[in-house]
Amino acid sequence: MFPGQPLAHDAAFPDDADFNEVAALARAHTGLDLSTFTWAAGTHTEQVALQVYGVAASLYRQRRLRLEGVKPAVAAEHSMGIYAALAACGSVGEGEVLEIAFRVGSCMEQRFSGRDYALGCLVGLSAEKLAVLAAEGTVFLANHNTSHHLLLAGRRHDMEATLGEALATGAFSAKLFPCDAPLHTPLLAEAEEELTTIFRDYRYREPAIPLMNHIDQEFLTAAEIPPFLMRELTETVHWEQTYRALKRAGATRFVEVGAGDSLKKYNRWIESRL
């Protein structure tokens, strides 16, 4: 399971050959020095750096699992985890997916510059109730992680009002996080031309491991990857549906390949409601 962009980076980096190779690829393809979390040239937002870091963390973890003899029968991805998942499945090279993540992040950083967007993380409110609040506040459901763990995206002012209403109507917690652009919402369609150009710049091989997408739980083919990369930026991430589909497909052991353990926690919640 390849998680999406982390909300923060871990300052404690491993000191081994695999990490050093991944870090060298990150510097060469994006300009980000993972050891100092600074850019070799120019400046970019922390969100762009976190996108690159998230992919790098997954690539490193995948290398370590391979050394341990872990051979996945199927792969799944969550949000921006699609990039590292493509490398793990042999569809695109490690350096290329780091580059794609960087170019996508930079594109959104520039295209939506000057606009104040935010993510809203809500726990304890049903998707049905949240949909009503989101419609009233002109924000969008970005991640449907579990039945009661949801992520919204939209203008910061609207997000603050929506989160306040959510707490007043029964949410356990509501946290606000800054973002460069409203990921996984229709608002990203504004940058479709630039983003589609980025995705068309690469050659995609057929995944050597079946790769389930997080929208309609279908296994991606090489021809479907470029349009999916654009589609996933404008549509809601459905992790609970993906987890259930993986179980129906026969998956019995789930390994999170990246920074943190968010997907592992979502899975436990979903299991507790089965």
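The values are calculated or read from the model by the stated rules, or taken from the named source; none is laboratory data. Since we're looking at a predicted model, the values are computed, not measured. Please note: Cβ atoms are built from the backbone with ideal geometry, for glycine as well, and neighbour counts cover all protein chains shown. Remember, those area values only see protein heavy atoms, side chains included, never the ligands or the DNA or RNA. Shrake-Rupley method; radii C 1.70, N 1.55, O 1.52, S 1.80 Å.
Being open to solvent by 30 Å² or more (accessible area, probe 1.4 Å) and farther than 22 Å from LEU183 by Cβ, is that true of even one residue in region 222-229? Looking for residues that are open to solvent by 30 Å² or more (accessible area, probe 1.4 Å) and farther than 22 Å from LEU183 by Cβ, one finds at least one in region 222-229, hence yes.
Of the numbered conditions (1) closer than 22 Å to GLN5 by Cα; (2) in a loop (DSSP other than H, G, I, E, B), GLU206 fails exactly one; give the number of that condition. The one condition GLU206 does not meet is (1).
Can you say whether THR30 is open to solvent by less than 40 Å² (accessible area, probe 1.4 Å), over 16 Å from VAL255 (Cα atoms) and either in contact with a strand residue (DSSP E or B) (Cβ under 8 Å, 6 or more places away or on another chain) or of a type in the set (S, T, N, Q) (or both), as far as the supplied structure shows? Don't jump to the end; show me each part of the working.
Numbers: open to solvent by less than 40 Å² (accessible area, probe 1.4 Å): yes; over 16 Å from VAL255 (Cα atoms): yes; either in contact with a strand residue (DSSP E or B) (Cβ under 8 Å, 6 or more places away or on another chain) or of a type in the set (S, T, N, Q) (or both): yes.
Yes, satisfied.
Pairing each residue of region 155-172 that is touching a residue at least 12 places away in the same chain (Cβ under 8 Å) with any residue that is surrounded by 17 or more Cβ atoms within 10 Å (Cβ to Cβ) and among the β-branched types (Val, Ile, Thr), provided the two are 6+ apart or on different chains, yields C-beta distances under 7 Å for ASP158/VAL139; MET159/VAL139; THR162/VAL139. Checked against (1) β-branched (Val, Ile, Thr); (2) without any contact (Cβ under 8 Å) to a residue 60 or more places away in the chain; (3) buried (at least 19 other Cβ atoms within 10 Å of the Cβ), THR38 meets all criteria but (3). When ARG156 is tested against (1) open to solvent by 70 Å² or more (accessible area, probe 1.4 Å); (2) in contact with a Cys (Cβ under 6 Å, 6 or more places away or on another chain); (3) among the charged types (D, E, K, R), just one condition goes unmet, and that condition is (2). Just one of the numbered conditions (1) among the aromatic types (Phe, Trp, Tyr); (2) open to solvent by less than 40 Å² (accessible area, probe 1.4 Å); (3) more than 19 Å from the chain's Cα centre (by Cα) is not true of PHE199: (3).
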